[in-house]
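Comments concern the structure below.
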Amino acid sequence: METFTLENLFTLLMLILLQAVLGIDNLLYISLESKNAPKEKQAYVRKVGIGVAIILRIALLFLLVTVIEYFQSPFLKLKFEGIITGELNIHSIIVLLGGGFIIYTSIKEIWKLVALENKDEEKTKKNKSVSSIIFIIIIMNLVFSFDSILSAIALTKVFWLMAVAIIIGGLIMIWLSEKVSNFLQQNRMYEVLGLFILFLVGIMLLTEGGHLSHLQLVGNEITAMNKTTFYFILAILVIVDIIQSKYQKKLLKIREQNIKENK
């Protein structure tokens, strides 16, 4: 192990910051997915899911450091000229599947909100197997971790620094997951915003997976969504939601005043 230096400390802080920034969408997904567990088990699901994912992230880090070229080497070529062409590798397939699953999950949850299901039916659906929810959280945590791990490898080749950053980042996520979940529980109006942000994350992952595998659909190359574009759309979504919620409150006050005046 290398001697701990000031440069290592700076790198460690950068890695922790990287884990935190790239883990925001993951944190949102965990908070929304944990709602499918019984209420008394939701905190347990989040802690166990993230805890196990930390261990698997370190294992994935070790695997990527040693055999990264295999993850990025194409093994399946698509040659349907005029329809779809590309070269798939393990990394791109994982990102594509993760993006597709997130889109499916967000659309399903949005549909449930729009459908206004019976409370008894909703309760029955919520109480899914705790182990299955933990498993989904772990898998999606690993999907989200690819970008952060590859970015970490680009910053440093010191394995223990990256491992420490993953552990600290995971502990921060466990702490924040409780606060994010409580916020969404107390402010249900932002749950819809969270689901649309997840949908946007799924689109971003699909475009990234398409870019990694050099996919072309009907002769058009798929390019990865620019992070600046992603954050710009995210900011617009948040601003629109805030303005809309304030406007609704204003309308409610006007309606209440009209009712009082009519009395």
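The values are calculated or read from the model by the stated rules, or taken from the named source; none is laboratory data. The structure presented is a predicted model; accordingly, all values stated were derived computationally and were not measured. All Cβ positions, even for glycine, are placed from backbone atoms using ideal geometry, and neighbour counts span all protein chains on display.
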Residues satisfying the stated conditions in the range 63-105, i.e. out of contact with any helix residue (DSSP H, G or I) (no Cβ under 6 Å at 6 or more places or on another chain) and assigned to a loop (DSSP other than H, G, I, E, B)
Ser73, Pro74, Phe75, Glu81, Gly82, Ile83
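Here is a yes/no grid of residues against (1) crowded, with 18+ Cβ neighbours inside 10 Å; (2) without any contact (Cβ under 8 Å) to a residue 60 or more places away in the chain; (3) within 25 Å of Asn89 (Cβ to Cβ); (4) of a type in the set (Gly, Ala, Ser):
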| site | (1), (2), (3), (4) |
| --- | --- |
| Val180 | yes, no, no, no |
| Gln186 | no, yes, no, no |
| Val192 | no, no, no, no |
| Gly202 | yes, no, yes, yes |
| Leu205 | yes, no, yes, no |
| Gly210 | yes, no, yes, yes |
| His214 | no, no, yes, no |
Is it true that Glu117 is modelled with pLDDT under 80 and not in a helix (DSSP H, G or I)?
yes
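Take the residues of the range 71-117 that are of a type in the set (Phe, Trp, Tyr) and under 25 Å from the mean Cα position of the chain (by Cα): which is nearest to Ile138 (Cα to Cα)?
Going through the range 71-117, the residues of a type in the set (Phe, Trp, Tyr) turn out to be 71, 75, 80, 101, 104, 111.
If we keep only those that are under 25 Å from the mean Cα position of the chain (by Cα) as well, we get 71, 101, 104, 111.
Numbers: Phe71: 20, Phe101: 14, Tyr104: 17, Trp111: 24 Å.
This residue is Phe101.
Based on what the data block shows, is Ile50 crowded, with 16+ Cβ neighbours inside 10 Å, of a type in the set (A, V, I, L, M) and either assigned to a loop (DSSP other than H, G, I, E, B) or at pLDDT below 85 (or both)? Don't jump to the end; show me each part of the working.
Details: crowded, with 16+ Cβ neighbours inside 10 Å: yes; of a type in the set (A, V, I, L, M): yes; either assigned to a loop (DSSP other than H, G, I, E, B) or at pLDDT below 85 (or both): no.
Against the criterion (crowded, with 16+ Cβ neighbours inside 10 Å, of a type in the set (A, V, I, L, M) and either assigned to a loop (DSSP other than H, G, I, E, B) or at pLDDT below 85 (or both)), Ile50 does not qualify.
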Would you please name the residue that is farthest from Ile102 (Cα to Cα), looking only at residues in the range 4-38 that are in a helix (DSSP H, G or I) and without any contact (Cβ under 8 Å) to a residue 24 or more places away in the chain?
Leu6
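Report the residue count in the range 199-232 for those that are touching a Leu at 6+ places or on another chain (Cβ under 6 Å) and in a helix (DSSP H, G or I). Don't jump to the end; show me each part of the working.
First, pick out the residues of the range 199-232 that are touching a Leu at 6+ places or on another chain (Cβ under 6 Å): 209, 213, 222.
From what is left, the residues that are in a helix (DSSP H, G or I) are 209.
Residues that pass the stated criteria total 1.
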Let me spell it out: the conditions are (1) farther than 22 Å from Tyr44 by Cα; (2) touching a residue at least 12 places away in the same chain (Cβ under 8 Å); (3) of a type in the set (Phe, Trp, Tyr), and Phe144 meets all of them except one. Which number is the exception?
(1)
When residues of the range 32-62 are filtered for being farther than 17 Å from Gly169 by Cα and out of contact with any helix residue (DSSP H, G or I) (no Cβ under 8 Å at 6 or more places or on another chain), how many remain?
2
Among the candidates Ile110, Ile94, Ile133, Ile149, single out the residue that is surrounded by 16 or more Cβ atoms within 10 Å (Cβ to Cβ), among the aliphatic types (A, V, I, L, M) and modelled with pLDDT of 85 or more.
Ile133
Please indicate, with yes or no, whether at least one residue in the range 221-237 is farther than 30 Å from Ile83 by Cα, modelled with pLDDT of 85 or more and among the β-branched types (Val, Ile, Thr).
yes
Taking Pro74 and the conditions (1) over 24 Å from Val201 (Cα atoms); (2) modelled with pLDDT under 80, which numbered condition does it fall short on, given that it satisfies the others?
(2)
